[in-house]
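Below you'll find the structure, written out as structure tokens, and then a few comments.
The values are calculated or read from the model by the stated rules, or taken from the named source; none is laboratory data. Just so we're clear, the structure is a prediction, and the values are computed from it rather than from any experiment. Please note: Cβ atoms are built from the backbone with ideal geometry, for glycine as well, and neighbour counts cover all protein chains shown. Ligands, DNA and RNA are stripped out before the accessible areas are found, and what is left, the full protein with its side chains, is counted by its heavy atoms. Shrake-Rupley method; radii C 1.70, N 1.55, O 1.52, S 1.80 Å.
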Amino acid sequence: MGSRASTLLRDEEIEEIKKETGFSHSQITRLYSRFTSLDKGENGTLSREDFQRIPELAINPLGDRIINAFFPEGEDQVNFRGFMRTLAHFRPIEDNEKSKNAAVSEPLNSRTNKLMFAFRLYDLDRDDKISRDELLQVLRMMVGVNISDDQLGSIADRTIQEADTNGDNSISFNEFIKVLEKVDVEQKMSIRFLH
Amino acid sequence: MELFFNPFDNLVCILLGISFTVWFTLLLVFIIVPAIFGVSFGIRRLYMKTLLKLFEWATLRIERGAKENNHLLYKPYSNAIIAKEPTSLEEEIKEIRRSGSNRDLNSAPEFEMSDIFYFARRGVASIMDDEVTKRFSAEELESWNLLTRSNNNFHYISLRLTVLWGLGLLIRYSFLLPLRVTLAFTGVGLLVFLTCVIGLLPNGRLKNFLSQKVHLMCYRICVRALTAIITYHDSENKPKNGGICVANHTSPIDVIILASDGCYAMVGQIHGGLMGVIQRSMVKACPHIWFERSEVKDRHLVAKRLSDHVEDKSKLPILIFPEGTCINNTSVMMFKKGSFEIGATVYPVAIKYDPRFGDAFWNSSKFGMVNYLLRMMSSWAIVCSVWYLPPMSREEGEDACQFANRVKAAIARQGGLVDLLWDGGLKRGKVKDTFKEEQQKLYSKMLRPTWAPPD
């Protein structure tokens, strides 16, 4: 049965999401169709299991952390608005947006917000600091069993040493931004739509 | 008693009698007799052309309706909605590091905090659109084919279109469906009855000849029961005795489509109920390979029975669907290597359905078999193309897995399907951890090549 995607999403909702995330009308309906196809329970929300059913995500070493980014603190279900809000971080930055004045509240796909998404992948306990342990955890997830604890530990130490400027042995968000100031975040953390 | 036989009742009886006779004569002349002899009047092709014109008109009306309301149509994009970078893990991470690194790249870079961007983007891209999960649900159509089950732009339908749709509904359910159900019962009934009769004959050339004719005839009736319009290409490559025919799997109908053009030995598990009756009677007329439920797990037993069958050149070629499950006909998924280990010649066949007339994909998690067959019989038609590809054998130094992939690539290329390495079993099961471990291994090589263990 074809999904009745565009009939279930009201026009007002599409407009609100457009304003909040910056996605176009057709992109929103397309992603809504995707949302409903992932929603096996057909209750309008996605659970962690729904995400884990995607094989390409299940084999991603950081898969679980990425899934976590969709769920607000302590919750187990995410609705379409929340889904779109998180995906909006990966919307490419268009040229006409670069010159927006500071009076407008920061768009979800700004450079800072993209960096915040990446920061949150490291910072599991959301205390706005990446501790040595948190860094080690992410490293361990990315390398699996292929590198020993000692070697991993020295990598973590070196990374914190280089990034930490205020000597508290952890990386704050500002220190994180400073380390990555030359990286082309706008391009590397964006997903281009074909239509 | 007098009330019973008044003239009005008589008239009704006579009319009913006449219409039934006419109905059955038409059925016999136009459908069953041609099926027996394998000829066609061309009625179905005319029907198909008319339908196509109708669908084009319907789509134009919907587009016009949408424009009038100043709305955007929901357009399905079956190929991809996001741009996927085909670069490898190594290349991408190097690029990210290159753009941000303060230090000299010649001193072997270890870990950069920006490495995480690669995994984050890949992960979110797979949430937006992945190659696997969309293969297990029906393909979305670009134009409307007057079936409500496949329409997403419901509210742009004008009055004329609604009337047409209503008419279509009437024709499909009150004329086509009963006709098809009657034919289906006739076909299956004849199959069971005649194969039992032939089973009484002694083994020999006459029995084989008759059994082939009977099978062909009954499958052809079933093909007409679905109003299947099939185009066979390259019939010179049709499978021969002692070979194995492999094809991509979309629905149980694949069997009927292939078996109405050639004779095959079927492989499968014995079912209960009607299916079981059919299976048991078929095997009386010619040898098919049916397994008990318990035997299916035993790979050696399965391989032995298949190779025994293949070695006997008087037996028909085996028909196997190596994907193991139904896929929605936009891609070909991993072939199970069991049938490629036997060492017989493989005859690949590509089957591609035209989704405009009726979607043949069986979504077994959504519909049961009976529900599925009813949906099939109440669609407009099943239109498909079958390509017989040249036979392939395992080459020197090629293992069964590589051979299977080679055959799969050939079938995908011919049918215009996407060739995927993913296992069709992902429809129901979880992906194996080895894939994640591969990714982790690749990444750890980037941290410092000398530390990571060798391959």
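Each of B:I289, B:L183, B:V197 was scored by the projection of its Cα onto the charge dipole of region B:179-289, and the greatest displacement toward the positive side belongs to B:V197; charges sit on the C-beta of Lys, Arg, Asp and Glu. Dipole magnitude for chain A: about 740 debye, using +1 per Lys or Arg Cβ and -1 per Asp or Glu Cβ, origin at the Cα centre.
Taking a point 7 Å out from the Cα of B:T87 in the direction of its Cβ, the residues of region B:414-439 whose backbone N falls within less than 19 Å of it are B:439. Pairing the Cα long axis of helix B:159-170 with the longest principal axis of chain B, what angle in degrees results, from 0 to 90 and rounded to the nearest 10? Relative to chain B, helix B:159-170 is tipped by roughly 60 degrees. Pairs of Cα atoms nearer than 8 Å and 6+ residues apart set the relative contact order; for region B:288-349 it is 28 percent. Accessible area per residue was computed with a 1.4 Å probe on protein heavy atoms; B:C218 scores about 0 Å². Modelled spin labels at A:T165 and B:S19, positioned 7 Å past Cα toward Cβ, are 8.9 nm from each other.
Per-peptide packing, taken as the mean over residues of other Cβ atoms within 10 Å, places B:407-416, A:146-155 in the sequence B:407-416, A:146-155 from highest down. Rounded to the nearest 20 debye, the dipole magnitude of region B:307-455 is 620 debye, with +1 charges on Lys and Arg beta carbons, -1 on Asp and Glu beta carbons, and the Cα centre as origin. Computed from the Cβ-Cβ distance with R0 of 35 Å, the FRET efficiency linking A:S24 to B:M392 stands at 0.15.
Total lysine pairs in chain A at Cα distances under 22 Å, for residues eight or more apart or on different chains: 20.
Sorting B:291-298, B:426-433 by their mean Cβ neighbour count within 10 Å, with the most densely packed peptide first, gives B:426-433, B:291-298. Only helices enter this figure: runs of n ≥ 4 DSSP H residues, each worth -39500 (n - 2.57), summed and divided by the residues of the protein assembly as shown, yield -15000 deg cm²/dmol at 222 nm to the nearest 500.
Counting only other residues whose beta carbon sits under 15 Å from that of A:S47, what net charge do I get with K and R as +1, D and E as -1? Net charge in that neighbourhood comes out at -4. Under the convention that each Lys and Arg Cβ holds +1 and each Asp and Glu Cβ holds -1, the size of the dipole of the protein assembly as shown around its Cα centre is about 3040 debye. Per-residue mean of foreign Cβ neighbours for A:159-170 is 1 (Cβ atoms of other chains, 10 Å radius).
Kindly express, to the nearest 10 degrees and within the range 0 to 90, the angle between helix A:132-143's C-alpha long axis and the longest C-alpha principal axis of chain A. The two axes meet at around 70 degrees. Take the protein assembly as shown with all the other protein chains still there, run a 1.4 Å probe, and you get 50 Å² of accessible area per residue. With each label modelled as a point 7 angstrom along the Cα→C-beta vector, the A:D150-B:T231 pair spans 6.9 nm.
Loop-located GluC sites (Glu not before Pro) in region B:375-446 (DSSP state not H, G, I, E or B) with no more than 10 neighbouring Cβ atoms inside 10 Å: B:E395, B:E396.
Between A and B, roughly 6200 Å² of accessible area is buried in total, ligands, DNA and RNA not counted and the probe set to 1.4 Å. The long axis of helix B:116-128 is offset from the longest Cα principal axis of chain B by roughly 10 degrees.
In region A:99-195, a dipole from Cβ-located charges (positive for Lys and Arg, negative for Asp and Glu) runs towards its positive end, and of A:I191, A:Q161, A:S172 it is A:I191 whose Cα lies farthest in that direction. With both labels modelled 7 Å from their Cα along Cα-to-Cβ, the B:E311 to B:T434 distance reads 3.0 nm. For the segment A:133-142, counting C-beta atoms of other chains within 10 Å of every residue's C-beta and taking the mean gives 3. Report in % the part of the accessible area of region B:261-305 that belongs to carbon and sulfur, leaving out ligands and nucleic acids; probe 1.4 Å. The value for region B:261-305 is 60 percent carbon and sulfur by accessible area.
One chain, two ends: B:H271 and B:I43. Fully extended at 0.36 nm per residue, the span grows by 78.5 nm beyond their Cα-Cα distance. Between A:G41, A:Q77, B:S99, the Cα set farthest toward the positive side of the dipole of the protein assembly as shown (charges on each charged residue's Cβ, about the Cα centre) is that of A:G41.
Peptide B:126-139 has a mean shielding of 6, counted as Cβ atoms of other protein chains within 10 Å of each residue's Cβ.
Taking max minus min of the alpha-carbon positions on each principal axis, region A:28-68 gives extents of 29, 19, 16 Å, largest first.
Surface listing: B:E236, A:E20, B:E92, A:E49 arranged by accessible area from highest to lowest gives B:E236, A:E49, A:E20, B:E92, probe 1.4 Å. For region A:66-170, the set of trypsin sites (Lys or Arg not before Pro) satisfying both a DSSP loop assignment and a count of at most 14 other C-beta atoms within 10 Å is given as A:K100, A:R126. Listed by chain and number, the lysines placed with their C-alpha closer than 23 angstrom to that of B:K352 are B:K49, B:K53, B:K75, B:K134, B:K238, B:K240, B:K336, B:K337, B:K366, B:K408, B:K427; residues fewer than eight positions away on the same chain are left out. Across region B:227-257, the residues whose backbone nitrogen lies under 19 Å from the label position 7 Å along the beta-carbon direction of B:A409 are B:246-248. For the set B:Y173, B:Y264, solvent exposure ranked by accessible area (probe 1.4 Å, protein chains only) runs largest to smallest as B:Y173, B:Y264.
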